[in-house]
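Novice: Quick one: structure below, then a few questions.
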Amino acid sequence: MTRERLVLAGAELADEIGFAAVTVSELARRAGVKVPSLYSHVRNSQDLRTGVALLALEDLADRGSAALAGRAGKDALAALANVYRDYAREHPGRYAAAQMPLDTETALGSAGPRHSQMTRAILRGYDLAEPDQTHAVRLLGSVFHGYVSLELTGGFSHSAPDSAESWVRILDALDAMLRAWPPTPER
């Protein structure tokens with residue numbers, strides 16, 4: 001038993017029962033061991049959930065980097081967006097973990113900053129200067145996460161057209177909006 005194995009088991013548990021339900025007690029019960037035997041590897045349930053969040057951020061960043069290789073513009077935008085959407089569908093508990101608020105030191109040492117860097121790399125193709133680039137990073141993150149979260153909870157399952165068609169249309173709209181982004185007004 002190692003911390004890495006426990007975190008991975010916690011990630012698998014999150015995908016099965018939901019990230020909020022991941023506890024050291026539940027992990028011990030599933031593993032058929034006593035809770036105290038896990039405390040030499042994780043301090044408490046919060047530490048376990050933080051480990052799952054860090055694992056998810058790293059996994060998402062690795063997938064995003066691979067998907068972006070050699071792409072630019074709308075192709076890169078769609079590739080990164082689809083990484084988030086696909087990951088959320090494949091690993092809903094881990095995706096929820098990636099949204100967990102982390103303390104500043106932990107966040108800065110995580111793969112979280114890579115997510116912002118990947119988005120900024122995409123935005124270089126749209127020629128946005130600061131502060132517009134930061135606004136666009138926030139916009140893209142909000143749209144990606146908002147859509148994926150609503151889709152995961154069945155928010156689009158009761159009406160036509162299929163949510164996959166809407167997703168493509170939204171990515172088209174984001175691309176068009178980023179190409180037409182107005183210059184920052186003088187203040």
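The values are calculated or read from the model by the stated rules, or taken from the named source; none is laboratory data. This structure is a prediction, so every number in the text was calculated from the model and none was measured. Here the Cβ is made from the backbone with ideal geometry for all residues, glycine too, and neighbour counts use every protein chain on show. SASA here: full protein model, heavy atoms, side chains in, ligands and nucleic acids out. Shrake-Rupley method; radii C 1.70, N 1.55, O 1.52, S 1.80 Å.
Novice: Within the bounds of the range 15-24, is there any residue that is open to solvent by less than 70 Å² (accessible area, probe 1.4 Å), in a helix (DSSP H, G or I), in contact (Cβ under 8 Å) with a residue 60 or more places away in the chain and not β-branched (V, I, T)?
Specialist: From the range 15-24, those open to solvent by less than 70 Å² (accessible area, probe 1.4 Å) are 15, 17-19, 21-24; that's our starting set.
Still in the running and in a helix (DSSP H, G or I): 15, 17, 19, 21, 24.
If we keep only those that are in contact (Cβ under 8 Å) with a residue 60 or more places away in the chain too, we end up with 15, 17, 19.
Okay, now just the ones that are also not β-branched (V, I, T), so 15, 19.
Yes, that holds for at least one residue.
Novice: So how many residues does the range 147-163 have that are surrounded by 12 or more Cβ atoms within 10 Å (Cβ to Cβ) and not aliphatic (A, V, I, L, M)?
Specialist: Number of matching residues: 6.
Novice: While we're looking at this one, here's another question. Can you pull out the residues in the range 72-83 that are open to solvent by 70 Å² or more (accessible area, probe 1.4 Å) and within 20 Å of the chain's Cα centre (by Cα)?
Specialist: Correct list: K74, D75.
Novice: Consider E130 carefully, then state whether it is open to solvent by 40 Å² or more (accessible area, probe 1.4 Å), under 20 Å from L57 (Cα atoms) and of a type in the set (D, E, K, R).
Specialist: Spelling it out, it is not the case that E130 is open to solvent by 40 Å² or more (accessible area, probe 1.4 Å), under 20 Å from L57 (Cα atoms) and of a type in the set (D, E, K, R).
Novice: Has the range 37-55 got any residue that is among the β-branched types (V, I, T), crowded, with 19+ Cβ neighbours inside 10 Å, out of contact with any Phe, Trp or Tyr (no Cβ under 8 Å at 6 or more places or on another chain) and part of a helix (DSSP H, G or I)?
Specialist: So in the range 37-55, the residues among the β-branched types (V, I, T) come out as 42, 50, 52.
Pick out the ones that are also crowded, with 19+ Cβ neighbours inside 10 Å and you get 42, 50, 52.
Adding the requirement that they be out of contact with any Phe, Trp or Tyr (no Cβ under 8 Å at 6 or more places or on another chain) leaves 42, 50.
From the residues that got through so far, the ones that are part of a helix (DSSP H, G or I) too are 50.
Yes: one or more hits.
Novice: Take the range 133-175 and flag every residue that is basic (K, R) and more than 17 Å from the chain's Cα centre (by Cα).
Specialist: Once the filter is applied, which keeps residues that are basic (K, R) and more than 17 Å from the chain's Cα centre (by Cα), the range 133-175 yields only R169.
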